[in-house]
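For reference, the structure discussed in these notes is given below.
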Amino acid sequence: MFTRSLILKNFRLFGEAGFDFSAKNILLFGRNGSGKTTVLEALYLLANGRTPSQQDYDQLVHKPDDFFSIRAHLQEGHLEKKVVVHYQQRLKYMIDDKPAAGSQISDFFATIFFSAFGFNYYLSSHSLLRRLFDFFVSGIFALYNNNLLDYNKALRQKNFLLKKKHFEHNEMSGWNKVLAQKGIVLVKWRKIFLADLVEELSKLSQNRFEIEYHSAADAVFYQSEDAYQTFLCDILNRECQHQAALYGPHRDRYQIFVNQKPMRFYSSGERKKFFLLLYFAYLNLFKQRRGFAPVFLFDDFDAAMDRDNLEFLWQRHPDVQIIATSVRNYDFFDERISLSPTFDNKE
């Protein structure tokens, strides 16, 4: 669904501010500190229950108040929704003036956030890249996140037992069984998603993308639950020595290649262009599988990009609502909104 209006109350920089969005491609431009990124963070929180940086809710409140609220009017065709998230000690949601669970919003509204500088962290950290792909896969397969939560719960319990050193083997066997059941499902969905993503990337660019999935151990143990459990049993002594679970989806790695060259070896501008194409491919997949288009939140969209790369990407962006930020004004956006540090904010 498209965002048609947004009202912020006591959120970050803003004591109170309202925005009307009448177009599909929107640019928020202005000096640093004018609240551009804050608008994107509010929309992200509305859809995901957290900010992109996963800040504590109390840090988002505009002091000296002790609450914040975010109100949005969403529309797609004849369908309209009013969504409110209110925080005062805990987060509460309302949809069309009725109390609701935050998870209900994902049935009709989603946001994807891209930071012009944060993407480099994904390429330098296996755990962050794994977390990004988990977020992507969760958007495509509805039950993936439930299985991931169950897997992580079992993983925490197993690590607790390993740190104790003394435990009942039946209890460890029980948690290994859960890890085997859930782990095989996670890896299956990850690999299906990667195949679909690479195929979608081939439609967007003549560059050849490959995304390799590397298991923390011989991938043969992912072939069946019995093989997985047997493997976990065989390495138990080693895990006891390290006091941690050493193998499984929580340790598996991704590596992205473009034209047979690791993406991290390209220049900053090329890395950003390739990573954006990856996001574009995901946005297209999301729309195909979920039946509605997410809103793409694009922070500092022109940073580290020359005019040729900007035009290349603009010609290939997916058919979704884009809300971008920049310190500059660009005329190729349908709607441009100027922000300045004159709002009721902290500065």
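The values are calculated or read from the model by the stated rules, or taken from the named source; none is laboratory data. Fair warning: this is a prediction, and the values are worked out from it, not measured in the lab. A quick note on method: Cβ atoms are made from the backbone with ideal geometry, for glycine too, and the neighbour counts reach across all protein chains shown. Each accessible area value is taken on the protein alone, full model and side chains, heavy atoms only, with ligands, DNA and RNA left out. Shrake-Rupley method; radii C 1.70, N 1.55, O 1.52, S 1.80 Å.
Of the strands (runs of 3 or more DSSP E) lying entirely inside region 81-124, those containing at least 1 residues that are under 30 Å from Gly269 (Cα atoms) and in contact with a Phe, Trp or Tyr (Cβ under 7 Å, 6 or more places away or on another chain) span 111-115. Screening region 260-347 for strands (runs of 3 or more DSSP E) wholly inside it with 2 or more residues that are among the aromatic types (Phe, Trp, Tyr) returns the ranges 295-299. Within region 54-105, being among the hydroxyl-bearing types (Ser, Thr, Tyr) and modelled with pLDDT of 90 or more holds for Tyr57, Ser69, Tyr87, Tyr93. For region 283-312, the candidate set comprises residues that are under 20 Å from Phe332 (Cβ atoms) and free of Cβ contacts under 8 Å to residues at least 24 places away in the same chain; within that set, the residue that is least open to solvent (accessible area, probe 1.4 Å) is Leu310. Among the residues examined, His73 does not qualify as assigned to a strand (DSSP E or B), open to solvent by 10 Å² or more (accessible area, probe 1.4 Å) and over 20 Å from Gln321 (Cα atoms).
Filter region 26-45 down to residues that are assigned to a strand (DSSP E or B) and in contact with a helix residue (DSSP H, G or I) (Cβ under 9 Å, 6 or more places away or on another chain), then give me how many there are. The total comes to 2.
Just to be sure before I move on: is Phe114 over 22 Å from the mean Cα position of the chain (by Cα) and surrounded by 12 or more Cβ atoms within 10 Å (Cβ to Cβ) in the structure I sent? Against the criterion (over 22 Å from the mean Cα position of the chain (by Cα) and surrounded by 12 or more Cβ atoms within 10 Å (Cβ to Cβ)), Phe114 does not qualify.
Against the numbered list (1) more than 20 Å from Pro99 (Cβ to Cβ); (2) surrounded by 21 or more Cβ atoms within 10 Å (Cβ to Cβ); (3) more than 20 Å from the chain's Cα centre (by Cα), Phe68 comes up short only at (1).
Could you tell me how many of the residues in region 144-166 are in a helix (DSSP H, G or I), open to solvent by 40 Å² or more (accessible area, probe 1.4 Å) and touching a residue at least 40 places away in the same chain (Cβ under 8 Å)? Counting residues in region 144-166 that are in a helix (DSSP H, G or I), open to solvent by 40 Å² or more (accessible area, probe 1.4 Å) and touching a residue at least 40 places away in the same chain (Cβ under 8 Å) gives 2.
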